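Presented below is the structure to which this report refers.
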Amino acid sequence: MIVLKVDMLVKPGMEERCRELMRAMEDHSRKEPGCLMYIGHQSTEDPRKFMFYEQYKDAAALEAHRNAPYFRQYVTGGLDTIMEHRSRDLYEPVEP
């Protein structure tokens, strides 16, 4: 399993648009065969801060997600246009 955490800071006034785009991504991404979990979050302390928590079966499943047409529509053509800053972190489970 592979985990991706994406932190985003959106431009002022773009909070509702961000929520709309994140919901669209959730709807599509959760149907991917390699997607184990896909949840968007909004900060309770700063309404401009958002985060995706994503789990995939493997790196190939994450790559398929990134190559999906809705990714280009809602992330590249949507979320990327309303962000001031984004960071991505990949994680693997700590094995015994």
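The values are calculated or read from the model by the stated rules, or taken from the named source; none is laboratory data. Quantities reported herein were computed from a predicted structural model and do not represent experimental measurements. Neighbour counts are summed over all protein chains in view; Cβ atoms, including those assigned to glycine, are modelled from backbone coordinates with ideal geometry. To get the accessible areas, we keep the full protein, side chains included, count just its heavy atoms, and leave off ligands, DNA and RNA. Shrake-Rupley method; radii C 1.70, N 1.55, O 1.52, S 1.80 Å.
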Please identify the trypsin sites (Lys or Arg not before Pro) of segment 1-79 that satisfy two criteria: DSSP loop assignment and at most 11 other Cβ atoms within 10 Å. Which are they?
-> LYS31
With Cβ to Cβ distances under 13 Å as the rule, what net charge do the other residues near ALA60 carry (K, R +1; D, E -1)?
-> -1
Quick calc, the chain, dipole around Cα centre from Cβ unit charges on Lys, Arg (+) and Asp, Glu (-), nearest 20 debye, gives 280 debye
Per the helix-only calculation at 222 nm, which mean residue ellipticity applies to the chain, given -39500 (n - 2.57) for every DSSP H run of n ≥ 4 and division by its residues, nearest 500 deg cm²/dmol?
-> -7500 deg cm²/dmol
So how far apart, in nm, are the two label points at ARG19 and ASP7 if each is 7 Å from Cα heading toward Cβ?
-> 2.3 nm
Summing Lys, Arg as +1 and Asp, Glu as -1, what charge do residues with Cβ under 9 Å from the Cβ of SER87 carry, SER87 excluded?
-> +1
Carbon/sulfur fraction of accessible area - the chain, other protein chains in place, 1.4 Å, % = 53 percent
On a 0 to 90° scale, report how tilted helix 15-29 is relative to the longest principal axis of the chain, with both axes built from alpha carbons and the result rounded to the nearest 10.
-> 20 degrees
Inter-probe distance in nm under a simple model that places probes 7 Å from Cα toward Cβ, at ARG30 and ASP80 | 2.6 nm
